[in-house]
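Colleague: Okay, here's the structure, questions in a sec.
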Amino acid sequence: MTTIRVLGSAAGGGFPQWNCNCHNCDGVRRGTLRATPRTQSSIALFDDGAEAILVNASPDILRQLRDTPSLQPARAPRDTAIAGVVLMDAQIDHVTGLLMLREHRRALPVYATGTVLDDLGAAFPLTRILSHYCGLEAHALPLDDTPFSVPPLQGVALTAVPLESKAPPYSPNRHAPRRGDNIGLRIVDRHSGRRAFYAPGLGRVDDHVFTELRIADVVLVDGTFWRDDEMQQAGFSGKTAADMGHLALSGPGGMIEILDRLPASRKILIHINNTNPILAEDSPERGELTRHGIELAYDGMEIAL
């Protein structure tokens, strides 16, 4: 059986964000807000063996590893259960954790699209930096609907699904999107046939993405912002959620409206920005999620396929 463990459920910066004094961050620090702190988004996939697949490597990876004992099986003086890392994009909050894994005893298998590998080879040269440590064993992901596996987890079939979102701000392709800058991940348990669709960054749901959502038993998707103008209203940015490559939860055509159309047994939001009112457990927005049967991911959450 495939198990998805949420290692981190927040957007970049985590919750509370280190330099933010918004209503949410200030409240959780002071203990006046009913909310749970969260690290930056990442998940791990387990089958019936001791090995695991890391999906994204956040800057909080060391804390996430400490909080997940199964990722340190301690079979040798130096050991890890991480069989490989699958990257959804080249965003700093999804790849910087690779630097923390530099003591790996052999080249670390990393699975990413060609466009993401290009960014990590040049604009943010992690490949070159890590060549002086463990090194990366790069595997370019196909974008033609061909499933792949990460050995030795043969019971988990993965498929990269191109998404419409944004390349990182440091990328030369930030304003000239390429196919493969961002992907969703179809996760299928080869024994049961049950499937999940994971997409922490999702700017638009077109027909092929909606099909993926509709046939999934579990959807684990972008819940970054409640409103499209959330950052503008808070005075933190002149950009909308759409400008940053995220589909807002509320409003016509928003994520809640899309999730309402799905037959999935579980609908879960991940990659929650620190400004999002759904982080407050007693907020009206959190209550609206509950009425729609939508869950909010939290660090340590486990989902069985």
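Readers should treat all values here as calculations from the given coordinates under stated rules, not as data from a laboratory. What you are looking at is a predicted structure, and each value in this text was computed from that prediction instead of being measured. Positions of Cβ are generated from backbone atoms using ideal geometry, with glycine treated the same way; all protein chains shown enter the neighbour counts.
Colleague: Report the residues of the range 164-179 in range of a label on Ala122: point 7 Å along Cα→C-beta, backbone N strictly under 16 Å from it.
Modeller: 167-179
Colleague: Counting only helical runs of four or more DSSP H residues, what would the 222 nm mean residue ellipticity of the chain come to if each run contributes -39,500 (n - 2.57) and the total is spread over all its residues?
Modeller: It lands at -4500 deg cm²/dmol.
Colleague: Of Gly49, Ala167, Leu143, which is farthest on the positive side of the dipole of the chain, counting Cα position, with +1 on Lys and Arg Cβ, -1 on Asp and Glu Cβ, and the Cα centre as origin?
Modeller: The listed residue farthest towards the positive side: Gly49.
Colleague: Oh, and also: Quick one: check the C-alpha center-to-center distance for the range 125-172 versus the range 43-82, whole angstrom.
Modeller: Using only Cα atoms, the two centres lie 18 Å from each other.
Colleague: Find the Rg to Rh ratio for the chain, where Rh is the Kirkwood radius over alpha-carbon pairs and Rg uses the same atoms.
Modeller: 0.94
Colleague: Ala10's amide H: which non-local residues (gap 5+, or another chain) put their own amide H closer than 5 Å, with H modeled 1.01 Å from N in plane and none for Pro or chain starts?
Modeller: So Ala10 has HN proximity to Thr39, Gln40, Ser41, His271, Ile272.
Colleague: Further question on the same structure: What is the chain's relative contact order, in percent, from Cα pairs under 8 angstrom and six or more apart in sequence?
Modeller: Result for the chain is 20 percent.
Colleague: Which three extents, in angstrom, do the Cα atoms of the range 16-96 have along their principal axes, listed largest first?
Modeller: 44, 27, 23
Colleague: Could you give me the ³J(HN,Hα) list for the range 81-91, computed from phi with Karplus coefficients 6.51, -1.76, 1.60 and θ = phi - 60°, whole Hz, x at Gly and Pro?
Modeller: Taking θ as phi minus 60°, the curve returns 8, 6, 8, x, 10, 9, 9, 7, 6, 10, 4 Hz for the range 81-91.
Colleague: Relative to the Cα centre, what is the charge dipole magnitude of the chain, using +1 at the beta carbon of each Lys and Arg, -1 at the beta carbon of each Asp and Glu, and rounding to the nearest 20 debye?
Modeller: With only Lys, Arg, Asp and Glu charged at Cβ, the dipole is about 580 debye.
Colleague: Same structure again: What whole number of Å gives the distance from the Cα centroid of the range 1-38 to the Cα centroid of the range 276-305?
Modeller: Taking the Cα centre of each part, the range 276-305 and the range 1-38 sit 13 Å apart.
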